[in-house]
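Just below is one structure, and these are the notes that go with it.
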Amino acid sequence: MSVDQQSSEKQKDAKKAWIQKMIRSAKLHHKLCPFYDRKKRLCFLKLGERCPFDGRFENCSIFIGFLDRRYDEIVSAGKPLPIDFEDPLVQFGVS
């Protein structure tokens, strides 16, 4: 393996570990997905489309994709990674 491949693998592992940490943290704070409208059964991340997982976010590709994008935003801005899902950087982004 070259040095570039090793560094990209480490970055992917760090990203995956952070996403799993955020999912565990979100489970502590929320029974259902924080972006799920219980009344209308809609997903706020998909802008009003019906949630395919009925609010369960452990294996939700939409929620994981959201955390993946947040990780990239935070790292590219040079901010320290949050350790809790309730951190404003996770909820609202870097801007």
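Against the chain, whose longest principal axis comes from its Cα atoms, helix 3-29 is set at around 30 degrees.
In a GNM of the chain with a 10 Å cut-off on Cα contacts, which of Glu58, Glu73, Glu49 has the highest mean-square fluctuation? Fluctuation is largest for Glu49. Looking at region 22-57, which chymotrypsin sites (Phe, Trp or Tyr not before Pro) are in a loop (DSSP not H, G, I, E or B) and have at most 15 other Cβ atoms within 10 Å? Here the sparse-neighbourhood loop sites are Phe44. Computed from the alpha carbon atoms alone, the convex hull of region 3-92 holds 104 Å³ per residue.
In straight-distance terms, cross-link reach from Lys12 covers every one of the lysines whose alpha-carbon lies under 28 Å from its own, apart from those fewer than eight places away in the same chain; here that gives Lys21, Lys27, Lys31, Lys46, Lys79. Each peptide in 17-28, 76-87 gets a packing score, the mean of other Cβ atoms within 10 Å over its residues, and the list from highest to lowest is 17-28, 76-87. Take every pair of alpha-carbon atoms less than 8 Å apart whose residues are at least six positions apart; their mean separation over the length of region 3-92 yields a relative contact order of 28 percent.
Distance between the pseudo-spin-label points of Leu89 and Asp68 (7 Å out from Cα toward the beta carbon): 2.1 nm.
None of the figures in this text is laboratory data; all of them are computed from the coordinates on show. This one's a predicted model, so the numbers in the text were calculated from it and none came from an experiment. All Cβ positions, glycine included, derive from the backbone under ideal geometry; neighbour counts span all protein chains shown.
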